[in-house]
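Structure first, commentary second.
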Amino acid sequence: MSNTSQSLFDRGMKVLVEGVSSASRGPATFGGAPRYMSHGQGARLYDVDGRAYIDWMMAFGALPLGHAHPRIVETVTREVARGTHFATALEVEVEVAEMLVSLLPHVDKVRFANTGTEAAMAAFRLCRGHTGRRKIIKFEGHYHGWWDAVLVNTNPLPPTMFGHPNDPIRIPDSSGIPEEAWKDTIVVRWNDFDAIETAMRLHGAEAACVVTEGVMSNMGVIPPKPGYLKHIEDLCRKYGALFYLDETVTGFRLAAGGCAELYGLTPDIVTYGKALGGGLPMAMIGGRADVMAGLEWGKVLHFGTHNAGRLALHVTKTMLETMLENDQAGFKRIKTLGQSMAAELTRVAKTSNRHGMVVQSVNSMFQIFFTDQPEINDFRDFCTHVDRVKFRNFVLRLFDKGIYMNPSATLHSLSAIVHTEDDIKATAKAVAEVLDEMP
Ligand code: PMP
């Protein structure tokens, strides 16, 4: 029996919730059957219907080397023959930790986990344990995983639900989250110098941490205003709260040292995921020695059968070696490609300007917004001025031209070392055609 995306979706709907395993992969995002993928090679994804796509989603950023990179294939093939998982101490665990500590000046010690959510859960517990304080200060539209305490104001809202910038209306993004879980979570408008200053005046002395994405990555791509992240760091020092930089998206993506390097920051604690694993599940909590010491002897508890999975660690090592060799050529390449893509798309936007297309990017990350504004600076701009339905329709049309992006405007696209200038030209051409065809 030959399968098609539609037939797999019909079968999947009977046995999987929404036919998939994450809401962002199913009908809630795609408006119908998603494309079921069969394999990937380099910058290409292939679906079960035999169509090829230039992949700009790259597994939500988990694939800086693209699909089936020969070195990753070689690593997995070599290591899998020696056993999949031991749940014991490993040489490669020490080796990868040494690489991370030498690459990240603000990280003295690391602890490995599997996903960004798990790492964040442990990091928040550690912040509370280290400071003896309860409150967590987070920003509107920032996502730190699906844990109850921080799944607040992560989804777009209508403007009537925003509340005052100094005191946003707090709204959990899921049923099943009791108020006690987020009553100590303070939500603040991002990229607003005054709002965080006010929040810190009111709550800073009780705050275990202020957590921020370095580049707002879950409302498209929104860069921080100059000096804004440093302003948060300075306020943390003033009030004794830990400065927690969530580098799940930006780590080993925007620079070898992530946003901390890019914006000259010294976070007390960081979490990494996605790109770190080079396609396998790998995440880490890292930070200053005295903060990380809280995890010793399980004072602040963090367990996990699959922590420091050996296959994933070997792939992490291979990914880091490949990206770093020749004076970090891999990081330079994804940045050049991302910027070239953003420039091409901006050129297309100018020539087909009837749709109000705006491109925002930082290094290897970019997003297209359909908007009446020249730029999108925060969650409120995004919710008020970005046409998400139009973006989804645009991406669904791009699928038919062999271009793959995530149909959610809240996400973003990413370059990998395997993309080429030809891929960029082909994508820009397809985008121009879709803009012409769209009503
Ligand atoms: N933090 C940020 C900033 C993220 O974007 C994400 C995932 N999109 C997470 C944490 C959670 O990572 P994971 O999906 O691996 O649990």
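The values are calculated or read from the model by the stated rules, or taken from the named source; none is laboratory data. Because the structure is predicted, anything quoted here is derived from the model rather than measured. Here the Cβ is made from the backbone with ideal geometry for all residues, glycine too, and neighbour counts use every protein chain on show.
Some observations on this one:
- Residue within the stretch 377-389 that is in a strand (DSSP E or B) and under 29 Å from Ile54 (Cα atoms) present: yes
- Condition check for Val315: within 20 Å of Leu414 (Cβ to Cβ), among the hydrophobic types (A, V, I, L, M, F, W, C), over 18 Å from the mean Cα position of the chain (by Cα) and within 16 Å of the ligand (Cβ to nearest atom): yes
- Contact map, the stretch 328-342: first residue surrounded by fewer than 19 Cβ atoms within 10 Å (Cβ to Cβ), second residue assigned to a helix (DSSP H, G or I), Cβ cut-off under 6 Å, separation 6 or more or different chains; pairs are Ser340/Ile424.
- In the stretch 56-72, residue surrounded by the most Cβ atoms within 10 Å (Cβ to Cβ) [restricted to those that are part of a loop (DSSP other than H, G, I, E, B) and of a type outside the set (A, V, I, L, M)]: Pro64
- Any chance Ala120 is under 22 Å from Gly278 (Cβ atoms), buried (at least 23 other Cβ atoms within 10 Å of the Cβ), in contact (Cβ under 8 Å) with a residue 12 or more places away in the chain and within 9 Å of the ligand (Cβ to nearest atom): yes
- Filter result for the condition that a residue is farther than 30 Å from Thr160 by Cβ and at pLDDT 95 or above, over Ile376, Ile368, Ile424: Ile424
- Residues that are exposed (fewer than 15 other Cβ atoms within 10 Å of the Cβ) and part of a loop (DSSP other than H, G, I, E, B), drawn from the stretch 5-55: Leu16, Ser21, Ser22, Gly31, Gly32, Gly50
- Looking across the stretch 163-204, the residues that are without any contact (Cβ under 8 Å) to a residue 12 or more places away in the chain and of a type in the set (D, E, K, R) come down to Asp167, Glu179, Glu180, Lys183, Arg201.
- Selection from the stretch 264-308 of residues that are surrounded by fewer than 24 Cβ atoms within 10 Å (Cβ to Cβ) and under 17 Å from the mean Cα position of the chain (by Cα): Leu280, Pro281
- Matching residues, the stretch 197-217, being of a type in the set (Ser, Thr, Tyr) and surrounded by fewer than 22 Cβ atoms within 10 Å (Cβ to Cβ): Thr198
- Condition check for Ala123: closer than 15 Å to Pro267 by Cα, in a helix (DSSP H, G or I), modelled with pLDDT of 95 or more and of a type in the set (Gly, Ala, Ser): yes
- Verdict on Met323 being within 16 Å of the ligand (Cβ to nearest atom), touching a residue at least 24 places away in the same chain (Cβ under 8 Å) and in contact with a Pro (Cβ under 7 Å, 6 or more places away or on another chain): no
- Number of the condition not met by Ala43 [criteria: (1) under 25 Å from Met365 (Cβ atoms); (2) aliphatic (A, V, I, L, M); (3) within 16 Å of the ligand (Cβ to nearest atom)]: (3)
- Matching residues, the stretch 131-169, being away from the ligand (no atom under 15 Å from the Cβ), in contact with an Asp or Glu (Cβ under 8 Å, 6 or more places away or on another chain) and part of a strand (DSSP E or B): Lys135, Pro168
- For Asp422: the one exception among (1) under 21 Å from Tyr143 (Cα atoms); (2) outside any loop (DSSP other than H, G, I, E, B): (1)
- The set of residues from the stretch 104-117 being within 11 Å of the ligand (Cβ to nearest atom) and over 19 Å from Asp173 (Cα atoms) comprises Ala113, Asn114, Thr115.
- Test result for Phe391, under 23 Å from Gly61 (Cα atoms) and without any contact (Cβ under 8 Å) to a residue 24 or more places away in the chain: yes
- Which numbered condition Ser408 fails, given (1) outside any helix (DSSP H, G or I); (2) buried (at least 24 other Cβ atoms within 10 Å of the Cβ): (2)
- Of the helices (runs of 4 or more DSSP H) lying entirely inside the stretch 170-254, those containing at least 1 residues that are more than 16 Å from the ligand (Cβ to nearest atom), among the basic types (Lys, Arg) and more than 22 Å from the chain's Cα centre (by Cα) are 193-203, 228-239.
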